[in-house]
Amino acid sequence: MDTVADLATFPVAAYIRAIAPYVGGKPISEVAREFGLDPARIVKLASNENPLGMPPAARAAVEGALAEGGRYPDANAFDLKAALAERYGVAEDWLTLGNGSNDILMLAAQAFLKPGASAVYSAYSFIVYAIATQVLGAHKIVVPATAGLGHDLDAMRRAVRDDTQLVFIANPNNPTGTYLPARTIEAFLESLPSQVMVVLDEAYNEYLEESLRIDSVAWVRRFPNLVVSRTFSKAYGLAGLRVGYAIAQPAVTNVMNRIRQPFNVNGLAQVAALAALGDRAFLERTHALNAAGYRQLVAACEALGLPYIPSYGNFVLVKVGDTDDAGERVNLGLLRQGVIVRPVGNYGLPQWLRISIGLPEENAALIAALPRALRS
């Protein structure tokens, strides 16, 4: 007979027990099983993935590297770090690689946030900030968002306490899509005590118009307490391979590299990221497709009278009702029609849905299904 334990059996810290496990967007296979649908006809617009998939150059690089799958990868990812160093004009010891940018966020917390200290971040910001803080046994200082659901950096600065060791800023922010101008962030960095580390999460940077892209590496040169986090999961189309990276001064990366897991970026991911980094034509195509898809979704929201937050990422946050069950109710109505989006009640936004921008025909499927779901 099996002996089944529960959490109370083990001496697990209370702050670990209190963590709500991260829940990603529903996979297509699960929706197909649950609702008896044809997987080929299901549209997934839930996880902010690039609808173009992997760049062809990255796919070819992975296929070419499969023969080496029986060997450990380069633990220091020499080729990828050399290419990133050249791209950003920094030395290779200014870089830390992660198993996706989630890994970078966790590494920063592990390196610079002590149990009992505090971390500051905005309401309605990426849920991993809360997880990274809580897993360290630190205190969360969640600052109310602006009326437009964005970061209020003035309020975040006032929230910094003597025991604050880490601040998370997302630009653009997930799940709201909001954007902070360069001068606003720079003023925040200038005002902050030098011992408080800042993680600037730029996962959606490549979706910004060129005029809005910030030279955050120049800030890293000025502010030794700044970590810039980027990813290959979004615009570069490598979400399934998990490659992220941090740019920071060597004293910071030295600590982060001491605690990262050995071989945390696998060999196939390294060659794919290297190929994707050099494929500017794919990035330009991605940017153009996203801009057109954004216009398509926004026009539909306006036609249906649905409020939305102007977005600078590859998704749109849409209000689908006034009751606290609205998001889940409309989400279920969409799932029954084979359209997967992301309810954001776990972010404190139960009346809203986050909709990723897909291919034109995927966006059209969502738009066609939405009126019926709203009536459900």
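Our note on the geometry: Cα centres of the stretch 221-270 and the stretch 318-354, 32 Å apart.
Each listed q (0.09, 0.12, 0.14 Å⁻¹) maps to a log10 I(q)/I(0) for the stretch 56-277 from the Debye sum over equal C-alpha point scatterers, namely -0.35, -0.62, -0.84. Residue exposure proxy: LEU304, LEU349, LEU200, ordered by other Cβ atoms within 10 angstrom of their Cβ from fewest to most, comes out as LEU304, LEU349, LEU200.
As a proxy for reagent exposure, PHE263, PHE223 were ordered by neighbouring Cβ count within 10 angstrom, fewest first; the result is PHE263, PHE223. Summarising the amide proton neighbourhood of LYS44: residues at separation of 5 or more, or on other chains, whose placed amide H is nearer than 5 Å comprise ILE340.
Would you grab the residues whose amide H sits under 5 Å from the one on THR164? Only those 5+ places off in sequence or on another chain, please, with H modelled 1.01 Å from N. Close amide H contacts, sequence-distant or interchain: SER118. Go through LYS44/LYS234; LYS140/LYS319; LYS44/LYS319; LYS26/LYS140; LYS44/LYS81; LYS114/LYS140 and tell me which ones have a Cα-Cα distance over 24 Å in this structure. Too far apart for the 24 Å limit: LYS140/LYS319; LYS26/LYS140; LYS44/LYS81.
Rounded to the nearest Hz, the phi-derived 3J(HN,Hα) couplings of the stretch 229-246 under the Karplus curve 6.51 cos²θ - 1.76 cosθ + 1.60 (θ = phi - 60°) are 10, 10, 8, 9, 7, 9, 4, 7, x, 10, 4, x, 9, 6, 9, x, 8, 10, where x marks glycine and proline.
We did not get these values from a lab; they are worked out from the coordinates using the rules stated. Model, not experiment: these values are computed from the prediction. Every residue, glycine among them, receives a Cβ derived from its backbone with ideal geometry; neighbour counts consider all protein chains shown.
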